[in-house]
Structure formats: structure tokens, C-alpha cells
1. Rounded to the nearest 20 Debye, what is the dipole magnitude of segment 188-290 about its Cα centre when Lys and Arg each give +1 and Asp and Glu each give -1 at the C-beta?
2. Please give the net charge around Phe111, taking every other residue with its beta carbon less than 12 angstrom from that of Phe111, where Lys and Arg add +1 and Asp and Glu add -1.
3. Grab the Cα-Cα distance for Asn156 and His219, subtract it from 0.36 nm times how many residues apart they are, and report the gain in nm with one decimal.
4. Mind checking the dipole of the chain: about its Cα centre, +1 per Lys or Arg Cβ, -1 per Asp or Glu Cβ, Debye to the nearest 20?
5. For Asp61 and Ile31, calculate 0.36 nm times their separation in residues minus their Cα-Cα distance, and state this gained length in nm to one decimal.
6. I need Met24, Met99 ordered by Cβ neighbour count within 10 Å, fewest first.
7. If each DSSP helix of 4+ residues adds -39,500 (n - 2.57) and the sum is divided by the residues in the chain, what number results at 222 nm, nearest 500 deg cm²/dmol?
8. Report, for the chain, the % of DSSP beta bridges that are antiparallel, rounded to 5.
Amino acid sequence: MEYKQKHVLGLSGGKDSAALAVYMRDNYPSIDIEYFFTDTGKELPETLDFLNELEAYLGKDIHRIGTEDRQEKDFDYLLEYEFNNYLPSPQQRWCTIQMKLVPFENWVKEFLDDGYEIFSYVAIRADEPMREGYKPTHDFLKVRMPFVEDGLIKKNIEDILETSGLGLPKYYEWRSRSGCTFCFFQRKIEWIRLKERHPELFEDAKRYEKKVGETPSGHAYYWLGKDTPLSTLENPEKIQQIKEEHEKQLQRYKKRLRRNALLDVEVLDTKVMDEMYDDQEGAGACITCYK
Ligand code: SF4
């Protein structure tokens, strides 16, 4: 039996999914793909600019789930009414579920209910361990990984963006990943740079923090963990210390490259942040938010 088919590709604002969109447009033009972006309402301006540029390149609208059809509850509502002011964290990742996965499922549900078979294209590369990203919750929702199938690795992804003229998203000048302005996966150096680049977004993140006694549970909720409010990153000595430690880490990383005779490798710290800190790619963040 033939089913109606729909092809969808989720953009996170990150480089891999952007490169996949470019790759599919240029190499599989006969597949009619619908591109989408799940907007949490807390995106970096650089991410939104990059999506506009990508949209122009693709020659197609990128469907903005969450802003165009804002049926979904926003972060403020979820935090106050459904999560009792309990900030999301790597251990309690309700933000990704509620602001990325649920809106996506709500969007595709109408097509599934209408009898469509849906193919979702995911930007996992051939040189990374297969990861658990979005797990289909419906038999008619299928995941495809063209980079894995066609053997494309990290270097190819950067080349695709370079050749298309898009290059890297501008947030790479200071931050290693897309995702929410207040994402708790960012490193302290990135929080400091958020404050320098977008002081209003740093202030916005601060206003969600709660001191002991300000919540019904009596617990403090801080983005940086139990005892560390963001205001600690306003202390000039602390800022200096974090910057110096980051620079040392970068120098150690460059030394490692030199030992491997990769003398001419240009090092942009935001592109190698995980390697510098010996983290798995993504440092625990999932593909839904940054890929
Ligand atoms: S980017 Fe970070 S804060 Fe935003 S939904 Fe993903 S994990 Fe949560």
C-alpha cells in the first residue's frame, strides 16, 4: 500500500543541521523537504539571523514552530506554572522536552493523523557515534541520516557551509553552540561572553534565578548550580580568572596539536571547545538543541 509521504528536516541553528539542509537541496533536489525550526523564544539573535540567511539560500521558508503557530506554552509559563520555578538543568532537562520535542510532535501529529508517512532527516555524521536523538514515537515517523549513509564527516560539513557562502553562524565568534540564551550547557567563559556581547540577555537569564526563600520549595535555583548565582560572574576578579583559565586550556590544546604536527591548524576556540576540555562532542547537550 502506498502512503502519502512528507519529508521534514529540523534546523537547530547549529552548523550540522544547516549543512544537511544545504546538502539535501544541492544533492537531492527531487526530495521535497519541509524545513522547520523549533523556536523556544529564547534564541540568540545570531541564530535567528543565520536562519534567515539559510532560508534565502534554500529558497524556501523555514517553518518556525513556536513563533508562527504559538500554541505552545512559553518558557515563562512552563517555569512558573508547570515546574514550580525549578530551572531546567542537565539532570532535569524539561526545557528540551517541553520546548523542542513536544512542539515538534504536535506539529507532525496532524500529518500522521492524516495518514502521512513522515521522514525526518537528522544531521548525525559518519564520524560520530550514533546517538540517541529524537526517538520516533509513531511507526509512520522514520529517521534518516544522509551524512551517515553518504559517509560525510566533520570536515565535509564545514566545507559545505563554506562553499555555500553561508559560513559558520556568527555566534561562533564567542560561543560554541546554538540553543537558548541561558542554556545551562554553556561554559562559564561563554556566560561571560554572553554578558559582554548581549548584556540584556545575561540580565534576562539572571531574573529567572531564585534565592533561598523565594520559592515555595525553599530551594535556591541558579543556572550555574546550587550555590552559584550568575552574579558571581560579574566580579571582575572572577571574570579575569575564568578568562585566564580558558586561555591556558586553549594553549594546552594548541600544544597538543603541535605535538601532532598540525602546525598550520587555525584554532577558533568555539569550534574546538569540546576537544579543548576533553568532552564528548556536545558535552552532554543533545542533538535536538545544537546539532
Ligand atoms: S538549548 Fe539548553 S536550555 Fe534550551 S532547550 Fe536545549 S538544553 Fe534546554
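1. That gives a dipole near 260 debye.
2. It works out to a net charge of -3.
3. Difference between extended and current length: 18.0 nm.
4. The calculated dipole for the chain is roughly 1080 debye.
5. On the way: separation 30, 0.36 × 30 = 10.80 nm, distance 1.55 nm.
Gain on stretching Asp61 to Ile31: 9.3 nm.
6. Met24, Met99
7. Value at 222 nm, helices only, nearest 500: -11000 deg cm²/dmol.
8. Of the beta bridges lying entirely in the chain, close to 10 percent run antiparallel.
Quick note: the coordinates plus some simple rules give every number you see, no bench work behind them. What you see is a predicted model; the values in this text were computed from it and never measured. A quick note on method: Cβ atoms are made from the backbone with ideal geometry, for glycine too, and the neighbour counts reach across all protein chains shown.
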